[in-house]
1. Sort through PHE209, PHE195 and tell me the only one that's aromatic (Phe, Trp, Tyr) and at pLDDT 90 or above.
2. Show the residue pairs meeting these rules: Cβ distance below 7 Å; 6+ apart or different chains; first residue within the stretch 80-97 and closer than 12 Å to ASP128 by Cα and modelled with pLDDT under 70; second residue of a type in the set (Val, Ile, Thr) and assigned to a helix (DSSP H, G or I).
3. So which residues in the stretch 51-70 are part of a loop (DSSP other than H, G, I, E, B) and of a type in the set (Lys, Arg), if there are any at all?
4. If a residue must be over 15 Å from LEU158 (Cα atoms) and not in a loop (DSSP other than H, G, I, E, B), how many such residues does the stretch 288-318 contain?
Amino acid sequence: MQITIDNSNANQRFDRFLRKRCKSYPSVKLTDIFMRIRKGEIKINGKKSKEEYRIILGDIVDIPENLLGKQDKSALLSIKDKRLKKLTKEDIQPLILFEDENWVIFNKPAGIVAHEGNNHRKDLSMNDYLETYASDYAQGTFKPSFWYRLDKDTSGVLIWAKNYEALQYLNQIIRDHEIHKTYLTIVTGNPPKHFTIEKALEKSYNDQFNRAQMKINLKSWMQAKTEVETMKTIFHHDLGQISLLKVTLHTGRMHQIRVHLSSEWYPVLWDLIYGNPVINRKLNKIMDIQRQLLHCRNYKFTDHIGKNIDCTAPIPTEFSTFFSPFRE
């Protein structure tokens, strides 16, 4: 079998490309792939190559037919396939905020995980939504995926790159901090009008919630910067003083906003890990709110073809419950 590398497959490791390509051939083991590469039986452009070689546009990969055996597409079936049967493109269309030839931007609802994990194998995830919507765009071994994650109970702007070139570009501009991202959140307390939090973070493990979490560690190498503007503060008869904040992220660490605000004694409402448990119980009992009040409001960047992308997600109803009429 000869495979000519196109844009959807270029610029990835040789061994990873083969693992994806051979997934539906149950007789092909990972050890077989490495052995055939080392022996030069799987060639690139007629020559022996190393596992770490990055295939490029126009390369010709030659895989011996006797390596593959019989294809079994049922080997690709999984719990995910069963989840996907619950979705149609018509279900997903209302979540689309913007789409062009390079990007699809979703308005992620609260309560949906970004991807399936050990605790959510039977639950629909945003990756499921994406794979259903993007079935026409999948090419070669390019797998549609979101550029970043939002927590299960965080809503708002979520960006998908339609092609490998766009995805690589997004990865680059986030590393170079050439993207503007703002969030809205509601916290307890009365913060200053404007302040900046610069505290390093480190990852730890929470036994109670059986998951990773972040904590402040001023000696950590994971520097993090969060800029905060207080939009409005009110006195709520059940919760006391609460404030609507506009948050600008200058770095993108896991749980950064939640950890930083909690460290300043302004925890996000209904944040089960870093929040105030007394306030959270009141939210649940009195107002039936069961999601952290954190919303990815806006993303701005200039894409790889020079187009200005500026996308804003609508205000969730939970925010309007506290600050109505809602004004930023």
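The values are calculated or read from the model by the stated rules, or taken from the named source; none is laboratory data. Bear in mind the structure is a predicted one, so any value in this text is a computation, not a measurement. Methodologically, a virtual Cβ is constructed for each residue, glycine included, from the backbone with ideal geometry; neighbour enumeration extends over all protein chains shown.
1. PHE195
2. These pairs meet every condition: LEU84/THR132.
3. Result: LYS70, single match.
4. 4
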